[in-house]
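Chemist: Can you read through this structure? Questions will come right after.
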Amino acid sequence: MSNNDFPDPAFLLADPSFNKFNSLGLIDPIALRNFIIKSEYRELRKKETQIESIFLLSEKHHLSYDAINTILFRRRTRIQKASQIIFHS
């Protein structure tokens, strides 16, 4: 998926269906947080350097630089990709 095709988290969070799934506990909060961080990173990179963007996100989300870096750039295997779906059982 290209950067232009990356969905806007605000659109997702405003969706009534999403809110219903979330209230039922069907949304993985860590996967959602990571999704939001990746989206915010794409926006920050339009104005900031990579390092500055990661530092800003680490402060905003109270995570270490390395944690943000891992969320953004870790290589995932096919099994990990499937398990990172926002909806979980």
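Chemist: Determine the pairs where a residue that is under 12 Å from Ile71 (Cβ atoms), located within segment 28-53, has a partner that is of a type in the set (Gly, Ala, Ser) with Cβ atoms under 8 Å apart, the partner being 6 or more residues away or on another chain.
Modeler: From segment 28-53, the pairs are Tyr41/Ser53.
Chemist: Those residues that are surrounded by fewer than 13 Cβ atoms within 10 Å (Cβ to Cβ), over 15 Å from the mean Cα position of the chain (by Cα) and in a helix (DSSP H, G or I), I need them from segment 20-46; list them, please.
Modeler: Within segment 20-46, Lys20, Ser23 qualify.
Chemist: Something else now. So, in segment 52-89, exactly how many residues are modelled with pLDDT of 95 or more, exposed (fewer than 12 other Cβ atoms within 10 Å of the Cβ) and of a type in the set (D, E, K, R)?
Modeler: Residues in segment 52-89 being modelled with pLDDT of 95 or more, exposed (fewer than 12 other Cβ atoms within 10 Å of the Cβ) and of a type in the set (D, E, K, R): 2 in total.
The values are calculated or read from the model by the stated rules, or taken from the named source; none is laboratory data. As the structure is a prediction and not an experimental result, all values here were calculated from the model. FYI the Cβ positions are ideal-geometry reconstructions off the backbone, even for glycines, and counts take in every protein chain you see.
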